[in-house]
Amino acid sequence: MSPQFDILGLGCTAVDELLFVSAYPPADGKARVQRRERHCGGLTAAALIAAARLEGRCAFAGVLGEDEQSRFVLECLKREKVHITHVVRRPHARPIQSTVVVDERRKTRAIFFDTHNVRGADPIAPAEEVIRSTRVLLVDTFGIEGMIRAAGIARAAGIPVVADFESSDLPGFAKLLGLVDHLILSAGFACKLTGAKHPGEAAGALWTKSRQAVIVTCGAKGCYYLAARDETPKSMPAFKIKALNTTGCGDVFHGAYALALARNLELSDRIRFASAAAACKATQHDGQEGFPTSRMVNNLIEQPKP
C-alpha cells in the first residue's frame, strides 16, 4: 500500500506574534511597531506548512489541547492543507507562545518564547500504523520520549527521519540523535554540539555510518554536507538574492528538504531545492505568508547563473 503522507511531523507548534519595527531598540529604549502579524509557527508546524505550500501531502500528529491557541494552530494547519486527523489532544497542553521582533533595517529577528505545558510528541501516540503511513518522519526535541518512539518505529520500517534540533540539553537527546539519518543543523548549533570551529568540520564530526546525510546550514553562505559516498564534507553556495525577511527560512529549508527526500531526489538536488525554497522565502517581506510555492522555487532554480 502506498504511503498516505509525504511528511509526518510530531513536534512543536507555536503561536507567533510578529512585531515589525524599523530597528530593534537598545536597552531601555522604545520602538514604534509598524505592523503586527499572527502565525502558526514552531519548528515542526512551520516546516509542514512550508512543505504543504510546495504541494507536499503533510500531516501533524503531535499533542495539542483545547485552548484558544491550540484551536488557532489547528485552524491554520487545516487552512494550509496539513492533515490534522491524527493530532493527539491532552488536557492543559498548548503550543509555544512566541513574540518575534523583526528588525526590518538589519533583516534580523529576536524571538521570545514560552514553552510552559508544551508537549510535542506523545509518548504512546499516534498508533504505529500512522507513523508507518508516511514517506518521511520529521522530528524535533519537543516530547523527546515520544520522538524516540516514533523515530525507532520509522527507522525499523525503513522510513527516513529528518531532524530539526536547536538544543541538546534534554535527557534522551543522544539516543534521539542516533536515530536520525538525515540531520540538518544550523552552523551555530552544529559547532556548539561538536566543539568544531568550522561548519564543514562540524558536519564531519556529526557523521555516523547509520546516517544518510548531514547538512550544516550557514545562511547566506550556503551549507556544508556529507553523505555516505563522500570522503570529506562538500559545500554548496546559497542563491544570490536580496534578503528582505529571513524569518522562517530555516523552517522552509527543513520542510523543502523533507519533501524532496519524499520525492526521491538525489542529495545535491534535495539541498539545492531546499536552498532555493529558503532563498525565495527571504525575498518576501511577509513572514509565513511569504513561504514560497513550487513555481517560485523552480523558477529560481532554473535561472541562469551569473
- Item | Relative contact order (%) - criterion: Cα under 8 Å, at least six apart; region: the stretch 179-256 | 24 percent
- Considering only protein heavy atoms and a 1.4 Å probe, what is the carbon-and-sulfur percentage of the accessible area of the chain? 51 percent
- Item | Probe 1.4 Å, protein heavy atoms only - accessible area per residue of the stretch 1-114 in square angstrom | 49 Å²
- Message: Multiplying the sequence separation of Ser268 and Glu302 by 0.36 nm and subtracting their Cα-Cα distance, what value in nm do you get?
- Response: 10.7 nm
- Note on the structure: Once the in-chain neighbours fewer than 8 apart are removed, the lysines whose Cα is under 23 Å from Lys78 read Lys281
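Under 8 Å for C-alpha pairs, at least 6 residues apart: give me the relative contact order for the chain, rounded to a whole percent. Spell out each step's value before the answer.
Details: 708 pairs, mean separation 50.6, N = 306.
For the chain, the relative contact order is 17 percent.
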- Note to self: with every protein chain in place and a 1.4 Å probe, the stretch 176-294 gives an accessible area per residue in Å² of 42 Å²
- Please identify the cysteines of the chain that lack any partner cysteine with a Cβ under 4.7 Å from their own Cβ. Cys12, Cys58, Cys191, Cys218, Cys223, Cys249, Cys280
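The values are calculated or read from the model by the stated rules, or taken from the named source; none is laboratory data. Since we're looking at a predicted model, the values are computed, not measured. A quick note on method: Cβ atoms are made from the backbone with ideal geometry, for glycine too, and the neighbour counts reach across all protein chains shown. Surface areas here come from the heavy atoms of the whole protein model, side chains and all, with no ligands, DNA or RNA. Shrake-Rupley method; radii C 1.70, N 1.55, O 1.52, S 1.80 Å.
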